[in-house]
1. Has segment 198-212 got at least one residue that is touching a Ser or Thr at 6+ places or on another chain (Cβ under 6 Å), more than 30 Å from residue 416 (Cβ to Cβ) and either open to solvent by 30 Å² or more (accessible area, probe 1.4 Å) or at pLDDT 95 or above (or both)?
2. Provide a single number: the residues in segment 23-45 that are within 40 Å of the chain's Cα centre (by Cα), of a type outside the set (S, T, N, Q) and open to solvent by less than 80 Å² (accessible area, probe 1.4 Å).
3. Which pairs have Cβ atoms under 7 Å, sit 6 or more apart or on different chains, and link a residue in segment 332-349 that is under 15 Å from residue 287 (Cα atoms) and in a strand (DSSP E or B) to one that is aromatic (Phe, Trp, Tyr) and open to solvent by 20 Å² or more (accessible area, probe 1.4 Å)?
4. Inside segment 372-430, can you point out the residues that are closer than 23 Å to residue 341 by Cα and of a type in the set (S, T, N, Q)?
5. Which one is nearest to residue 17 (Cα to Cα) among residues in segment 76-102 that are outside any loop (DSSP other than H, G, I, E, B) and modelled with pLDDT of 95 or more?
6. Touching a helix residue (DSSP H, G or I) at 6+ places or on another chain (Cβ under 9 Å) and loosely packed, with under 14 Cβ neighbours inside 10 Å: which single residue out of 78, 50, 114, 100 fits that description?
7. State the number of residues belonging to segment 264-311 that are assigned to a helix (DSSP H, G or I) and of a type outside the set (Ser, Thr, Tyr).
Amino acid sequence: MRKRNYDGNSAQLLKKLYLSQIQSLSDAEQFKIQRDEVNKQIRSAKSKDERQIYIDQAKHLKEQLRVAEEKASAIEAEMVTQALMIPNDTHPDVPIGPEENAKILKIVGEKRTESYPLLDHLTLMERLDLVDFQQAALVTGSKFFYLKNSGVWLEFALIQYAMDKAASRGFTPIITPDVVRTSIAYGCGFQPRKKESSQIYDISTTSTVNTTTPKLCLAGTAEIPLAGMYAKKMINEDELPKRMVGFGRAFRAEAGHGSAEERGLYRVHQFSKVELFAVAAPGQSDGILQEFRELQEELFTELGLCFRVLDMPTEELGASAYRKYDIEAWMPGREAWGEICSTSNCTDYQTRRLDIRYLSSQFKENVGPKDVRVPWHIKEKWVNYCHTLNGTAMAVPRVIIALVETYQQEDGTIKVPEVLRKWIPGQPSILK
């Protein structure tokens, strides 16, 4: 936790709560034993007065038991809260420290330079009437936008391209719900460390009358509903890995600091995103992480972008990632590298919270089919937690920035990468 710049107090507090809960449960158990003994004495009392004495003792023990059980229950709730604050383990090869300690693994392509000034994406897109932030700010608020005209087809082309590429690799295509239970988001590791720093849009409709309604939020990434597809499920090991490519809208309540580097599409509250996701056996997850990264590199190489691959340090891993790679594209108009995707191995961090398990193939060899009636104490030794992995196939606004700034022409038009043309009506080579 210290390596990730987390407050380590949660771990210490969790230990204290655990010891306190053990004591409360022990107290409750002693009160139950005493209550049962008094109940026997009530039944065997030889006089009315003696019986009343035991009845009074029983009432007192009942109250003591209630208090002890309520205390244990309250401690349990606080234990869960503190446990959710504890991040995943960290791969031993991950660099230690803040973002600047990221290790550059490779650089693909060359930065574009021209004799004429290269403009930023917002200037280019507004001149071509592809985007409108001003009216969106009036309708919704800052950091929302309308995509217009060829900008719409460019977004659809990127989505189709990424979905098609992943599906051709055997990924199951899925369109995810954009509204999820907050408990699922927290189970994936998106619980904020501080309430005021939450990026989650809470859309709960819980009233004081109906407190059983689940809390709901807008998904910050399709990773959350994709993980939720397997919550509380047990999968046969021979069915793993399960690879998915999901499309959804991502909603982020926090949208940066309004600096010049973040103007336009770079950091917005709502955007389209294609997400890679896998549920795997522990022995498969390292290989799948490399598979995800290779697919991402292929996507951006075919799009003709200059990009670099980074092994991200501990303070950039978030809660769930055991190891994470980022890909940053060179954005000539910004004159800076900008993150366009990442991929992470979350090991069993999410699956323990969402209860996603698999039944070892050895169970079938030693006992029988998955649905065979076997006592749980025998079956459970063949059951383990799965690993989950996620990766961005296409964060549309960021990639649009990189494409528009990379493919701008001197006359202000934008060349369309060849791999996207078939997805745009008329298959144009230039957006103008």
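1. Within segment 198-212, one or more residues are touching a Ser or Thr at 6+ places or on another chain (Cβ under 6 Å), more than 30 Å from residue 416 (Cβ to Cβ) and either open to solvent by 30 Å² or more (accessible area, probe 1.4 Å) or at pLDDT 95 or above (or both).
2. The qualifying residues number 2.
3. Sorted first by the residue in segment 332-349, then by its partner, the pairs are 345/322.
4. Correct list: 388, 390, 392, 406, 408.
5. Of segment 76-102, the ones outside any loop (DSSP other than H, G, I, E, B) are 76-84, 99-101.
After this cut, where a residue has to be modelled with pLDDT of 95 or more as well, the list is 99-101.
Values: 99: 34, 100: 37, 101: 36 Å.
This residue is 99.
6. Values: 78 fails: loosely packed, with under 14 Cβ neighbours inside 10 Å; 114 fails: touching a helix residue (DSSP H, G or I) at 6+ places or on another chain (Cβ under 9 Å); 100 fails: touching a helix residue (DSSP H, G or I) at 6+ places or on another chain (Cβ under 9 Å).
Testing whether each residue is touching a helix residue (DSSP H, G or I) at 6+ places or on another chain (Cβ under 9 Å) and loosely packed, with under 14 Cβ neighbours inside 10 Å leaves just 50.
7. Filtering segment 264-311 for residues assigned to a helix (DSSP H, G or I) gives 282-302.
Keeping just the survivors that are of a type outside the set (Ser, Thr, Tyr) gives 282-284, 286-300, 302.
So the answer is 19.
Matching residues to (1) basic (Lys, Arg); (2) farther than 30 Å from residue 319 by Cα; (3) out of contact with any Gly (no Cβ under 8 Å at 6 or more places or on another chain); (4) at pLDDT below 95:
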| site | (1), (2), (3), (4) |
| --- | --- |
| 335 | no, yes, yes, yes |
| 338 | no, no, yes, no |
| 391 | no, no, yes, no |
| 401 | no, no, no, no |
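The values are calculated or read from the model by the stated rules, or taken from the named source; none is laboratory data. The structure displayed is predicted, hence computed values, not measured ones. For neighbour counting, all protein chains shown are included, and Cβ atoms are generated from backbone atoms with ideal geometry for every residue, glycine included. Ligands, DNA and RNA are stripped out before the accessible areas are found, and what is left, the full protein with its side chains, is counted by its heavy atoms. Shrake-Rupley method; radii C 1.70, N 1.55, O 1.52, S 1.80 Å.
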